[in-house]
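Asker: Let me give you the structure first, and then I'll get to my questions.
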Amino acid sequence: MISNQSIAEGMTIKLDNVLPEYPEFIEGLRRAPKREFTLTQKQTETALKNALRYVPEELHEVLAPEFMEELMEHGRIYGYRFRPEGNIAGKPYEEYKGITEAKGVQVMIDNNLDFEISLYPYELVTYGETGRVCQNWMQYRLIKKYLEVMTQEQTLVVMSGHPMGLFRSSPEAPRVLITNGLMVGMYDNPEDWNKAAAMGVSNYGQMTAGGWMYIGPQGIVHGTFNTVINAGRLKYGIKNDEDLAGFLFVTSGLGGMSGAQGKAVKIANGVGIIAEVDESRIVTRHDQGWVDSYTASPEKAFAEAKEYMEKGEGRAIAFHGNIVDLLQYAVDKNETIHLLSDQTSCHVPYDGGYCPQGLTFEERTEMLNNDKPKFVELVNISLKKHYELVKILTGNGSYFFDYGNAFMKAIFDAGQPEICKNGFDESEGFIWPSYVEDIMGPMLFDYGYGPFRWVCLSGKPEDLRATDAAAMSCIDPDRRPQDRDNWVWVRDAEKNGLVVGTQARILYQDALGRMNIALKFNEMVRKGEIGPVMLGRDHHDTGGTDSPFRETSNIYDGSNVTSEMATQCFAGNAARGMTMVALHNGGGVGIGKSINGGFGMVLDGSERVDRILRRSVPWDTMIGVSRRNWARNEHAIETSIEYNQMYDGSDHITIPYVADETLVGGLVDGAFKKYGLKK
Ligand code: NAD
């Protein structure tokens, strides 16, 4: 067997041979609950050896028992000792070591771990209960070491948080390639994945957690704003230049992404009541000014809501308690709710994502740690009750939409087949629409509008202001209602105080809108008007994600069960030289339920970057539009025809011919009758 000394000598980039001081942990800061531990004794040995392979043998005697205890107590080995002391936050890029791209990537990683942003910062969880930057603090340190020394001729390969190494490439190739949670088909299920995660070989990257492009709750505010305002347009006939004045939105969750709901409904000038069981998250949002008030009384919450609806003023009210209790009150008192949704972490209901009715948040954590079977039982009972209440409220006229958290899937898994359109399985979807099916898909994604974003790496608010103004100058507000919404959004963005963490901005844009803005920013960097910019997007986008219950839920040609679009998008972005390219399993809906990818692109002002932007930015979106067009989605067909005309001689998209419904229906009906097939 090769000696550990030869191994140490075989590497120049490695963790130091020094035992770090055990860092202090701030009392009361959010901590992840214990994760499921189902490993056999042999697998546990492997898990321990896996964690120890990051550190020199001399340190094993101290670290092995520490790691063992972490695995038993937390279900994972986090390597807490390797966490740097204090808060980690995205600093101005000059404070990092390395080439500009590598500095930009480090800003993004650290921003994802900021106490202000991260859900469980000590466990490297950025958002969505389990979405992590990487699996442990040894990986974090090693990734940084690689980034600090990498050149423009190298690409860092990161597999589920593990930096596999630097490999030779070119300045027009990505600097970082990331994959997270990808499993071989027969193991692509939560149980097998959980084992892999406990063994330290798979990471749940969510979307921008493991893709390192999270920008705090702002990232989702714009999407939520678009969703609620368009829901109002769709269901209540609100005109394009009107807002949600006098309308009530009831939902739950003030966590990582759900925390955007109060802010978004207020920007749309509507009233929101948001239930949240964890008081600390309410306090955080209240301190940030993202909710205006909070109460533990449903009566007071609805009374305050009515007051503001009557005044026609926006208001975000947090209800400290369980959403099921809030809805029970609304049903009992016959309260009118216009828009209804849920944003608990139902993609992982049994891992703590959904707090069952009857338990406080603290009791939920306690039971999760000590009596998992009972916890699962209570979650199932609560979800069924939740379903019954939503059914009554929608019967009374509320418009309910599933908010991308696998809420309806969770109800089905809890043992309520009535939630399915066909009454027995999920194959034909669920009885209520997902927000993508009704709103986000047809009104935004099919045109290519999606959650484009950027971070001013200098950390200077004046750079963000300059980019806001530049982005606004690239939008024609008279082109489509969506452009008008986006133009108003960016005009008012600073006033709305959206920044938490780095100087970042979210702005829904279509393919060419994104490219024009990107080129404009790069020119500003070139002229020295602003510092470098990291461009990116949420994976939750036109072409970034294949997820039949969410992003691709408005794909009706049967291909919603495939994951080729997200994979092609990832490959194409890598081939075209985006700085950082990621592909994940799971995302917002859980292992095996989606494949999703994203990118980060550092604008350093160079001509090289101009070239990359021209070929990669339209691709990143148009791959999604072209697939939506091929699924016969009308707005995507229109957009593809327009694109073919504009890019004549360079790009070309195949457009589908549309068959006559009567011809097809009649033929199929006749054939089914003739061959005695069941409908
Ligand atoms: P999170 O875990 O940070 O927040 C969820 C919050 O719900 C927590 O604060 C939790 O305390 C609270 N909660 C749980 N059960 C509750 C209950 N019964 N009553 C009241 N509060 C309860 O997760 P997040 O980052 O906010 O994401 C929420 C969900 O939305 C996830 O499933 C995520 O995947 C999904 N999601 C939504 C979008 C979107 O665009 N809306 C996008 C991606 C993902």
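Asker: Return the only residue of Lys42, Lys49 being under 15 Å from Met138 (Cα atoms), surrounded by fewer than 20 Cβ atoms within 10 Å (Cβ to Cβ) and out of contact with any helix residue (DSSP H, G or I) (no Cβ under 9 Å at 6 or more places or on another chain).
Answerer: Lys49
Asker: Within the stretch 592-679, considering only helices (runs of 4 or more DSSP H) that don't extend past its boundaries, which have at least 1 residues that are surrounded by 22 or more Cβ atoms within 10 Å (Cβ to Cβ)?
Answerer: Where helices (runs of 4 or more DSSP H) fall fully within the stretch 592-679 and carry at least 1 residues being surrounded by 22 or more Cβ atoms within 10 Å (Cβ to Cβ), they are 607-630, 634-646.
Asker: Just to be sure before I move on: is Asp287 more than 13 Å from the ligand (Cβ to nearest atom), in contact with a strand residue (DSSP E or B) (Cβ under 9 Å, 6 or more places away or on another chain) and acidic (Asp, Glu) in the structure I sent?
Answerer: It is false that Asp287 is more than 13 Å from the ligand (Cβ to nearest atom), in contact with a strand residue (DSSP E or B) (Cβ under 9 Å, 6 or more places away or on another chain) and acidic (Asp, Glu).
Asker: In addition: Can Asp463 be described as of a type in the set (Asp, Glu), crowded, with 18+ Cβ neighbours inside 10 Å and closer than 21 Å to Tyr214 by Cβ?
Answerer: Yes.
Asker: Within the group Gly531, Gly543, Gly577, which residue is on the phi > 0 side of the Ramachandran plot and touching a Ser or Thr at 6+ places or on another chain (Cβ under 7 Å)?
Answerer: From the options Gly531, Gly543, Gly577, the qualifying one is Gly577.
Asker: Name the residue that is nearest to Ile381 (Cα to Cα), counting only residues in the stretch 305-325 that are away from the ligand (no atom under 16 Å from the Cβ) and crowded, with 18+ Cβ neighbours inside 10 Å.
Answerer: The qualifying residue nearest to Ile381 (Cα to Cα) is Ala305.
Asker: Check Thr552, Thr545 and return the single one that is among the polar types (S, T, N, Q), in contact with a His (Cβ under 7 Å, 6 or more places away or on another chain) and within 16 Å of the ligand (Cβ to nearest atom).
Answerer: When all the criteria are applied, what remains is Thr545.
Asker: Mind listing just one residue for me: the one in the stretch 328-356 that is of a type in the set (A, V, I, L, M, F, W, C) and either part of a loop (DSSP other than H, G, I, E, B) or within 23 Å of His74 (Cβ to Cβ) (or both) and, of those, farthest from the ligand (Cβ to nearest atom)?
Answerer: Looking at the filtered set, the residue picked out is Ile337.
Asker: Further question: Looking only at the stretch 367-405, filter to residues that are among the aliphatic types (A, V, I, L, M) and away from the ligand (no atom under 15 Å from the Cβ); which one of those is nearest to the chain's Cα centre (by Cα)?
Answerer: Here the answer is Leu393.
The rows are residues; the columns are (1) among the β-branched types (Val, Ile, Thr); (2) touching a Lys or Arg at 6+ places or on another chain (Cβ under 8 Å).
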position	(1), (2)
Glu36	no, yes
Gln43	no, yes
Asn50	no, no
Val62	yes, no
Glu66	no, yes
Glu116	no, no
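Asker: In addition: Pairs please, first residue from the stretch 280-291 and among the polar types (S, T, N, Q), second anywhere and more than 10 Å from the ligand (Cβ to nearest atom), Cβ atoms under 8 Å, 6+ apart in sequence or on different chains.
Answerer: Final answer for the pair search is Ser280/Gly28; Gln288/Val500.
Asker: Also: Can you run down the residue pairs with Cβ atoms below 7 Å, 6 or more apart or on separate chains, where the first is in the stretch 398-411 and at negative phi and the partner is surrounded by fewer than 24 Cβ atoms within 10 Å (Cβ to Cβ) and among the acidic types (Asp, Glu)?
Answerer: Final answer for the pair search is Phe401/Asp438; Lys409/Glu426.
Asker: Can you say whether Gly587 is surrounded by 22 or more Cβ atoms within 10 Å (Cβ to Cβ), on the phi > 0 side of the Ramachandran plot and within 16 Å of the ligand (Cβ to nearest atom), as far as the supplied structure shows?
Answerer: Against the criterion (surrounded by 22 or more Cβ atoms within 10 Å (Cβ to Cβ), on the phi > 0 side of the Ramachandran plot and within 16 Å of the ligand (Cβ to nearest atom)), Gly587 qualifies.
Asker: Can you tell me which residue among Glu242, Glu279 is surrounded by fewer than 24 Cβ atoms within 10 Å (Cβ to Cβ) and closer than 19 Å to Val488 by Cβ?
Answerer: Within the list Glu242, Glu279, the selection yields Glu242.
Asker: Now for a different question. More than 23 Å from Asp476 (Cα to Cα) and either in contact with a strand residue (DSSP E or B) (Cβ under 8 Å, 6 or more places away or on another chain) or of a type in the set (Asp, Glu) (or both), is that true of Phe549?
Answerer: Yes; evaluated as a whole, the condition is true for this residue.
Asker: So in the stretch 290-301, with the set limited to residues that are outside any strand (DSSP E or B) and within 16 Å of the ligand (Cβ to nearest atom), which one is nearest to the chain's Cα centre (by Cα)?
Answerer: Applying the filter and picking the extreme gives Trp290.
A quick yes/no check of all residues on (1) at positive phi; (2) surrounded by 23 or more Cβ atoms within 10 Å (Cβ to Cβ); (3) touching a residue at least 24 places away in the same chain (Cβ under 8 Å):
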residue: Gly459; (1), (2), (3): yes, no, yes
residue: Ala471; (1), (2), (3): no, yes, yes
residue: Asp478; (1), (2), (3): no, no, no
residue: Val488; (1), (2), (3): no, no, no
residue: Asn496; (1), (2), (3): no, no, yes
residue: Leu507; (1), (2), (3): no, yes, yes
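Just so you know, all these numbers are worked out from the coordinates, no wet-lab data involved. Small disclaimer: the values here were computed from a predicted structure and weren't measured. Cβ coordinates were reconstructed from backbone atoms using ideal geometry, including for glycine residues, and neighbour counts include every protein chain displayed.
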